[in-house]
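Here, each number is a calculation from the coordinates, and none is a lab measurement. Because the structure is predicted, anything quoted here is derived from the model rather than measured. All Cβ positions, even for glycine, are placed from backbone atoms using ideal geometry, and neighbour counts span all protein chains on display.
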Amino acid sequence: MFGLGDMSSARETGGDLVIEYHGDRLVPPELCRLLYRLVPKDHHVPVRFHNRRRKDVHGEMKRLPLGTCYFKHRRRPSHIDINLNPIYKASWYRHYPYTWSPSAFVWRMLLEVCLHEFGHVATSDTALKMNQHEYHGEYGRVYEATERLADEWMERRLSRYLADDPRMGQPRYITGYLGARLLEVRSHAEGKRSGRLYSAYIKETRCRKTGAQLSAGNVLMELKVDPCYYTNAYEVLRRASKDVGIDYTDGAGRRHKLYTWGDVSILARRLEERAKELVPRDDTFVPRTYVPGIDGDSEGDLHSSRVIFSEEVDEADFPDPGLPF
């Protein structure tokens, strides 16, 4: 039977149970409070957090989806499952093989998946008018349309919130199960002096000291300006960042520009205005797996794999496995 986690994060208004969290000790308490703020009460359903590794509770040896929205008799949403291990893994491939501050991308992926699943709840009236047999039969038009509805709802909620909090609610230290996974990376990286994990650890340290979340390279990749294609991408970004971002000087006296998620939309407009300043590389670009001059990293410590972003499931199809947290 599923155990109920710390109920303090589920009781936000006068002691009334608003969102029922199961296994919420696995995630930062800031996430539970933030979901309560971002999700309208009409769309509140129970949320269950899992840290199991594989989808083998029903005899199926395959990868877990990032999240699943369950429906009662294919009519109304009943609850949401959030799977932390595939979320953690997927966050490492957002801009693979570039490196970043792991905490920022883990937090964003976690929040996006949660809001995406609530997006299924919010858009269920529209989605259920489509042929849901086709949704479950193949990843075709109905699947894409259903997921797009949830994505658009999620993006609207995030964009509104970013106007108030450029850090997207990320705590300075991520706790819970994902925090433990991040500590593993840090422990592994501290014994190195080069490599992708060491580079990620350095960026994590800089961001933690300053309250930032992204490096200049992360911002460029978010804006789909690959430095491999341009000789002066970083220079143009720095000119566009005149009054945006956080200045940081490392122990060797080198200056760095760091950013938050809220800075990305501002820089998107400014770089669009400066697009003509970008100078394409003369040499023929070869798709890379590793470019020392850009990353300062060794070859990949991780290997890419496909992870299904989301699923909508009727709870009658999969009975409650009754696993303890």
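Which residues' amide hydrogens lie under 5 Å from the amide hydrogen of residue 48, considering only partners 5 or more residues apart or on another chain, with H built in the peptide plane?
For residue 48, whose amide H was placed from the backbone, the distant partners under 5 Å are 22, 80, 81, 82.
Can you tell which of 214, 178, 278 lies farthest toward the positive end of the dipole of the stretch 178-295, using +1 and -1 charges on the Cβ of basic and acidic side chains (Lys, Arg; Asp, Glu)?
Of 214, 178, 278, it is 178.
If neighbour count is taken as other Cβ atoms inside 10 Å, put 260, 175, 249 in order from fewest to most. List each step's numbers first, then the result.
Numbers: 260 23, 175 16, 249 9.
So the ranking, lowest neighbour count to highest, is 249, 175, 260.
What does the C-alpha gyration tensor say about the overall shape of the stretch 216-285? Classify as rounded when a/c is under 1.5, otherwise prolate if a/b is larger than b/c, or oblate.
Details: a/c = 2.00, a/b = 1.31, b/c = 1.53.
Oblate, since a/c reaches 1.5 and b/c is not below a/b.
Only counting other Cβ atoms within 10 Å, I'd like 133, 50 sorted with the fewest neighbours first. Mind showing how you got there, number by number?
Details: 133 9, 50 24.
Ranking 133, 50 by Cβ neighbours within 10 Å, fewest first, gives 133, 50.
Report D for the stretch 160-291 in µm² per second (integer): Stokes-Einstein, Kirkwood Rh on Cα pairs, 20 °C, 1.002 mPa s.
Numbers: Rh = 16.5 Å.
Once the numbers are plugged in, D ends up at 130 µm²/s.
So who's got an amide H within less than 5 Å of the one on residue 256, skipping anything under 5 residues away but keeping other chains? H placed 1.01 Å off N, in plane.
Here the answer is 248, 249, 250, since their amide H atoms fall under 5 Å of that of residue 256.
Each residue of the stretch 246-258 in turn: what ³J(HN,Hα) in whole Hz from Karplus with 6.51, -1.76, 1.60 and θ = phi - 60°, glycine and Pro shown as x?
So the J values, rounded to whole Hz, are 10, 7, 9, 10, 7, x, 8, x, 7, 9, 10, 10, 10.
Which ³J(HN,Hα) values, rounded to whole Hz and listed in residue order, are derived for the stretch 39-48 from phi using the Karplus coefficients 6.51, -1.76 and 1.60 in 6.51 cos²θ - 1.76 cosθ + 1.60 with θ = phi - 60°, glycine and proline given as x?
9, x, 4, 4, 10, 6, 9, x, 10, 10
Quick one: which residues, 5 or more positions from residue 101 or on another chain, have an amide H under 5 Å from its amide H? H modelled 1.01 Å from N in the peptide plane, none for Pro or chain starts.
215
Ranked by Cβ crowding within 10 angstrom, fewest neighbours first, how are 226, 263 ordered? Don't skip to the answer; put the middle values down first.
Working: 226 16, 263 22.
Going from sparsest to densest Cβ surroundings: 226, 263.
May I ask you to order 210-222, 112-124 by the average number of other C-beta atoms within 10 Å around their residues, highest value first? Please report the intermediate quantities before stating the final value.
Working: 210-222: 21.8, 112-124: 23.9.
Most protected by this proxy first, the peptides run 112-124, 210-222.
Do the alpha carbons of any pairs in 129/224; 89/276; 203/224; 242/276; 41/72; 89/224 sit beyond 26 Å of each other, and which pairs? All intermediate terms of the calculation are to be shown ahead of the outcome.
Numbers: 129/224 35 Å; 89/276 37 Å; 203/224 20 Å; 242/276 18 Å; 41/72 19 Å; 89/224 22 Å.
Among 129/224; 89/276; 203/224; 242/276; 41/72; 89/224, the Cα-Cα distance tops 26 Å for 129/224; 89/276.
Mind checking which lysines have their C-alpha under 17 Å from residue 209, skipping anything on the same chain fewer than 8 residues away?
Of all the lysines, those that pass the test against residue 209 - Cα under 17 Å, at least 8 places apart if same chain - are 257.
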